[in-house]
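Taking it in order: structure first as structure tokens, then the write-up.
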Amino acid sequence: MQMIIYMRNVDMNLLKALDALLTEQSVTRAAHRLDLSVSAMSRNLTRLRAVTGDLLLVQAGRKMVLTSYAMEVREHVHEITHEAYSLLQPTQKKLNLDTLERNFTLRANEGFINLIASTLAKELQEKAPKSCLSFIEKFDKNAQALRDGTLDLEVGVIGTNAPEMKTKTLFRDRFVGICCHKHPLLQNDEITVQNYTAYKHIVVSRKNKSRGPVDIELANYGLERQINMVVPSFSTAINIVRNSELIGLIPLSTLGFITTESNISGITYFELPVITPFINISAIWHPHQQDNLEHRWFRETIMKICNSFPIH
DNA sequence: TCCAAAATGCCCTTAGGAAA
DNA sequence: TTTCCTAAGGGCATTTTGGA
């Protein structure tokens, strides 16, 4: 009964204030975020404490920390605040690409950026000349940037840490082997698991994980690769392979899906002697962008470009 | 002791309801 | 429709609190 009486007096600005407070974990920063004075935000916090019956933020030295209740509701508060304000904002009737001034942000690994950057840049220049495109390299799968809108779109393998995200499969990728074009491995009539594992290997891993699906398959033959180098990027691996006798393993997309010519600027790619699972590469975005016309146009542009990739 | 952040007192503005 | 009253929100100034 007490809660019902309180709820009658709750206004939407309190919800917005709660979202800002839980996101910033600071009265001062939350006030700046909503363009209010610190005192006004402090009063908002006092009202929210009365409404929820929870302290929400408590002082821990000079900082404020969330209570367990605040931590529990933080994500939900953010989502419903976004939904509520989207509902009250005027509907976008028409998208005018000629006058669109927007910075689109896309997070992907360097291989995908190399693959799509020039085509996407050309498309944006032609269709939305006043817009800007920022690529962000993928150092982690943190979903917070998608949630708070600082990131428009992520391209990669769907993770499990953000189940609320919207996704769309863009293309299927697969691993191939690479070596320098004079590599003794290529003297063999056929690349077998035996001669594949007879040479030293280089692997790409941002987390220094050197074993993957290929190693699992090789283990079935009682074989393993001798890994001599781990590097954080595919471009680094390609450069090293070009000038060494190390054998590399990269997604075919990194080579731009070139399948008609196996000898590419000093390196040769070849089919692996083991079968590895396909990798589904998807576009990932937050539901709050779902009906945004600008965002829809952006992701549909990327989907259109990816549709031209061969599916292997 | 100084500084930064949060809390609070006081006052002004604004919105909504009631009455003329 | 206009006027008046009340409640609530917000800003300025000040105090309190706690770390460096």
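Number of residues in segment A:236-247 that are closer than 20 Å to A:G156 by Cβ and either polar (S, T, N, Q) or at pLDDT 90 or above (or both) equals 1.
Annotation: of all residues in segment A:17-64 being within 31 Å of the chain's Cα centre (by Cα) and within 10 Å of DNA strand C (Cβ to nearest atom), the one that is farthest from A:I80 (Cα to Cα) is A:K63.
Results for (1) surrounded by fewer than 17 Cβ atoms within 10 Å (Cβ to Cβ); (2) part of a strand (DSSP E or B); (3) aliphatic (A, V, I, L, M); (4) not assigned by TED's automatic domain parsing to the domain that holds A:S118, shown as yes or no for each residue.
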site	(1), (2), (3), (4)
A:L218	no, no, yes, yes
A:I238	no, no, yes, yes
A:G248	no, yes, no, yes
A:T254	no, no, no, yes
A:D291	yes, no, no, no
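In segment A:59-76, the qualifying residues are those that are under 17 Å from A:A20 (Cβ atoms) and assigned to a strand (DSSP E or B), and the one that is modelled with the lowest pLDDT is A:K63. Just one residue in the set A:F104, A:F112 is among the aromatic types (F, W, Y) and modelled with pLDDT under 85; that residue is A:F112.
Residues of segment A:162-195 that are more than 21 Å from A:I250 (Cβ to Cβ) and assigned by TED's automatic domain parsing to the domain that holds A:H286: A:A162, A:P163, A:E164, A:M165, A:K166, A:T167, A:K168.
The values are calculated or read from the model by the stated rules, or taken from the named source; none is laboratory data. Since the model is a prediction, treat every value here as computed from it, not as a measurement. Neighbour counts run over all protein chains shown; Cβ positions are idealised from the backbone, glycine included.
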